[in-house]
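The values are calculated or read from the model by the stated rules, or taken from the named source; none is laboratory data. Please read these numbers as outputs of a predicted model, since none were measured by experiment. With ideal geometry, Cβ positions are generated from the backbone for all residues, glycine too; neighbour counts draw on all protein chains shown.
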Amino acid sequence: MLPLAKAPEADRTAQGQAFEAFRRSYNEERPHEALAMDTPAQHYRPSPRAMPATPPEPDYPAEAAVRSVRHNGEIRWNGGFVYVSKALAGEAVAAIETEDGQWALSFHAHPLGILDTRRMKLVRRSAAPTKPHGAAADTTGGKL
């Protein structure tokens, strides 16, 4: 039984060692059916592309309202604060007004959601109500 299948280790060092043992077993020892019973290490090749020393600065349009994400994950918006994500602390995000007067927030080319200026919240794309693609319109008024 691999160490990760048991209870957590007593401290971070021991837990890190358990993760490393699992990683080694998974990548270097265990054969994988999807790899014709080879190990992932037998198929790994490092990327020939060099990693940039610093990531490029975002290139937002001139009409975008650019905000810096604060250490707590919030941006300042219309005299208040809207939580975006702690993961983006220190990064610049852009709000661009849509044709229907909403503000779409993005990080580089990645859409984050719509700023709900009434509730001062970011409505994430995944939380937006959606109708399945190709679904027929509801003609029953919600009644069956």
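Annotations for the structure displayed:
- Residues that are within 16 Å of the chain's Cα centre (by Cα), closer than 11 Å to ARG67 by Cα and part of a strand (DSSP E or B) within the stretch 81-100 comprise ALA92, VAL93, listed in sequence order.
- Apart from one condition, SER25 fits all of (1) within 21 Å of ARG125 (Cβ to Cβ); (2) outside any strand (DSSP E or B); (3) of a type outside the set (A, V, I, L, M, F, W, C); the exception is (1).
- Some residue of the stretch 82-91 being touching a His at 6+ places or on another chain (Cβ under 7 Å) and modelled with pLDDT of 95 or more: yes
- Looking across the stretch 15-30, the residues that are surrounded by 12 or more Cβ atoms within 10 Å (Cβ to Cβ) and either basic (Lys, Arg) or farther than 14 Å from TYR44 by Cβ (or both) come down to GLN15, GLN17, ALA18, PHE19, ALA21, PHE22, ARG24, SER25, ARG30.
- Pairs with Cβ under 9 Å, 6+ apart, first in the stretch 8-31 and without any contact (Cβ under 8 Å) to a residue 40 or more places away in the chain, second basic (Lys, Arg): ALA18/LYS6
- Residue pairs meeting the criteria (Cβ under 6 Å; at least 6 apart or on separate chains; first assigned by TED's automatic domain parsing to the domain that holds PRO111 and farther than 13 Å from GLU97 by Cβ, in the stretch 58-78; second among the basic types (Lys, Arg) and outside any strand (DSSP E or B)): GLY73/LYS86
- Failed item in (1) surrounded by 11 or more Cβ atoms within 10 Å (Cβ to Cβ); (2) in a loop (DSSP other than H, G, I, E, B), with PRO56 passing the rest: (1)
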